[in-house]
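The values are calculated or read from the model by the stated rules, or taken from the named source; none is laboratory data. Worth saying up front: this structure is predicted, and the values here are computed from it rather than measured. Positions of Cβ are backbone-derived with ideal geometry, glycine not excepted, and every protein chain shown enters the neighbour counts.
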Amino acid sequence: MIRRVTMPFGKWKGHTLNDIPGDYLLWVLDNVETLSPFLRGEIERHLRGDNDEYHRGYRDGLRAGQGGRESVPRLDHVKQAVQKWHREASLQFHPDRGGDARIMRVVNELRDSVITAMEGR
């Protein structure tokens with residue numbers, strides 16, 4: 001049974017955990033001292049991928065000795081990390097901000113390559 005837990009406060013109030021970016025959920029875990037034990041557990045479960053059909057299927061398909069689901073990051077979290085890295089690198093290396101156009105091309109190509117590989121194209 002998949003639970004439909006919604007965020008009861010803040011910027012994402014009323015949204016299900018699936019709709020909320022992982023970095024925001026991590027921030028909530030680290031910074032909200034009055035977080036209920038139930039919501040804390042659901043957020044942690046969500047970030048581990050326990051409620052994700054993909055991860056459940058992956059975990060159930062593993063043979064003994066191949067590792068666990070914790071060793072496979074959620075694709076949306078990886079994509080968010082790549083996008084965050086790209087934003088930070090763009091701020092540092094973009095020619096309009098005094099950076100080098102050649103480095104910026106490499107940054108863009110790397111981001112495109114990683115996203116393409118993740119999407120399986």
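Computed values, structure above
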quantity: Residues that are modelled with pLDDT under 85 and aliphatic (A, V, I, L, M), drawn from segment 1-47; calculated: Met1, Ile2, Leu47
quantity: Residue that is nearest to Pro21 (Cα to Cα) [pool: residues in segment 84-107 that are of a type outside the set (A, V, I, L, M, F, W, C) and touching a residue at least 12 places away in the same chain (Cβ under 8 Å)]; calculated: Lys84
quantity: Single residue of segment 72-121 satisfying the filter (among the small types (Gly, Ala, Ser) and part of a helix (DSSP H, G or I)) that is nearest to His46 (Cα to Cα); calculated: Ala81
